[in-house]
Amino acid sequence: MERRLLNVAEAAEMINVKTGTLYNWVWQRKIPYVKTGRMVKFDIKDLDKWIEKNKVSLENFIH
């Protein structure tokens, strides 16, 4: 069975940010997350979609 949920440290490593930044984004509702009790988890597929959605295209910088 494939593991789908990451903890904060794993998700922060996946997207290359500090855990504090990730907690701030959760608090600001800037990133998709799952709440299991008091724990915050991140669905790998949701993170992949979020990365694609927030990707900046080089076309925006080319004149």
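Brief remarks on what is shown
- Every pair of residues 6+ apart whose Cβ atoms lie under 9 Å, when the first sits in region 36-48 and is under 14 Å from residue 23 (Cα atoms) while the second is assigned to a loop (DSSP other than H, G, I, E, B) and aromatic (Phe, Trp, Tyr): 40/33; 41/33; 42/33
- Filtered residues of region 51-63 (kept if closer than 18 Å to residue 12 by Cβ and assigned to a helix (DSSP H, G or I)): 51
- The single residue among 54, 24 that is modelled with pLDDT under 95 and surrounded by 10 or more Cβ atoms within 10 Å (Cβ to Cβ) turns out to be 54.
- Taking the numbered list (1) of a type outside the set (Val, Ile, Thr); (2) out of contact with any Leu (no Cβ under 7 Å at 6 or more places or on another chain); (3) surrounded by 10 or more Cβ atoms within 10 Å (Cβ to Cβ) in turn, residue 41 passes all entries but (2).
- Residues that are of a type in the set (D, E, K, R) and in a strand (DSSP E or B) were ranked within region 28-50; the one that is farthest from residue 6 (Cα to Cα) is 35.
The values are calculated or read from the model by the stated rules, or taken from the named source; none is laboratory data. Just so you know, these numbers come straight off a predicted model, no measurement behind them. Cβ: placed from backbone, ideal geometry, glycine included. Neighbour counts: every protein chain shown.
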